[in-house]
Amino acid sequence: AFLLSSADGNNGTVNWTTKRAHSYVISRIKAVQKNVYTILSKVHSDRNVYPSAGVLFVHVLEREYFKGEFPPYPKPGEISNDPITFNTNLMGYPDRPGWLRYIQRTPYSDGVLYGSPTVENVGKPTIIEITAYNRRTFETARHNLIINIMSAEDFPLPYQAEFFIRNMNVEEMLASEVLGDFLGAVKNVWQPERLNAINITSALDRGGRVPLPINDMKEGVYVMVGADVPFSSCLREVENPQNQLRCSQEMEPVITCDKKFRTQFHIDWCKISLVDNTKQVSTFQEVIRGEGILPDGGEYKPPSDTLKSRDYYSDFLITLAVPSAIALVLFLILAYIMCCRREGVEKRNMQTPDIQLVHHSAIQKSTKELRDMSKNREIAWPLSTLPVFHPVTGEIVPPLHSDSYDNTSMPLMQTQQNLPHQTQIPQQQSAGQ
């Protein structure tokens, strides 16, 4: 609420319109010496725009316009730079129309609505709800944008060319001065009487990849323009066989008018598209409609109400009984072969010659005897590894182990640390001790 003084002393309602696109409904009540004005509600006025069908439409959502919708919470003298984002949708629907796109890079940049209206929407007002969100105070403000699509003269333009600009983003290209410079360069090359920007599309919407954030790389943008005169010889140079071969080898084609764009716009001439609508043959075929009467197919005969009984015994035999009988016979044959036709060990020995059995038995006995001998064998210690004399007294040292000790797992060489009978040699004492 705001308290304002007034010269007259009348009670009533006052409509206060600001410089921005909204107004306030104020109730005025007379007090003792001044009038008290109370703002009851804030009514946003709708903004009307009138784009033409087939011509590029650009509408900028300025953050400065919506800053006045939010209270000035910062201290006096400070500049409010709150992050503000926008949500746009068709009234009564969650999304925008198919021809209308929206982009906003950061909450600190302006939003842009852009697209090319279609002929089907001519004469039908399109109401877009724009909601601004203050990300610091979590407040919202909303107003409507009414798009009244008008029919353009001589639409569509018969000659259309689409350029791919590599060093631009879509929001940079939508700026009026940048788009004007590009159309000026195209008009200088093409020399048409009427030249319009038809549509602008980001390369990301055409399946392009997000560029790396190095060296200020851009995503690229497609710009379609239309004119009323045929294409110039410079634009036709892309269709030369030499340039087509260079494009197939991923080399830049030689275009004489490229220097007129190179100062500000880097155009990929291999991706330029030239469309001549005057040479396109219409594929529409007129539908020949008949009288709408179906041919006479005779009198309809519905099926009988009474159904005849059917015997399923033969079906049962074919599907279940016969396969089960065949499986049972096969099972019995396999059981007879596996169980009743076993020869056994005794029958095998009876059919084997005696000399082979003797040889087999001798081999088994010899193998068993060799294995037993290898388990019980003992290897004497090499004399070079055993201490023969005591290092101090000179006495003969007895053997380390008894004769019955299993020394097959002992290493052939032993270190001096492993000898239990080793005697430490006394060290010489110093002269002072």
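The values are calculated or read from the model by the stated rules, or taken from the named source; none is laboratory data. Treat the numbers as computed from the prediction; the structure is a model and nothing was measured. Here the Cβ is made from the backbone with ideal geometry for all residues, glycine too, and neighbour counts use every protein chain on show. The protein model used for the area step is the full one, side chains on, heavy atoms only, and it has no ligands, DNA or RNA in it. Shrake-Rupley method; radii C 1.70, N 1.55, O 1.52, S 1.80 Å.
Before moving on, here are some points about what is shown:
- Order by protection proxy (mean Cβ within 10 Å, highest first), peptides 180-188, 348-356, 118-126: 180-188, 118-126, 348-356
- Largest accessible area first, the residues Val60, Val170 order themselves as Val60, Val170 under a 1.4 Å probe with ligands, DNA and RNA left out.
- Accessible area in the full protein assembly, largest first, 1.4 Å probe, for Cys340, Cys257, Cys270: Cys340, Cys270, Cys257
- Taking θ as phi - 60° and the Karplus parameters 6.51, -1.76 and 1.60, the scalar couplings of segment 316-332 work out to 5, 5, 6, 8, 10, 5, 5, x, 5, 5, 5, 5, 5, 5, 5, 5, 5 Hz in sequence order, x denoting glycine and proline.
- Where Tyr65, Tyr336, Tyr93 fall by accessible area, highest first, once all protein chains stay in place (1.4 Å): Tyr93, Tyr336, Tyr65
- Accessible-area value, Tyr50, 1.4 Å probe, nucleic acids and ligands omitted, Å²: 150
- Probing with 1.4 Å while keeping every protein chain in the model, the per residue accessible area of segment 156-283 equals 55 Å².
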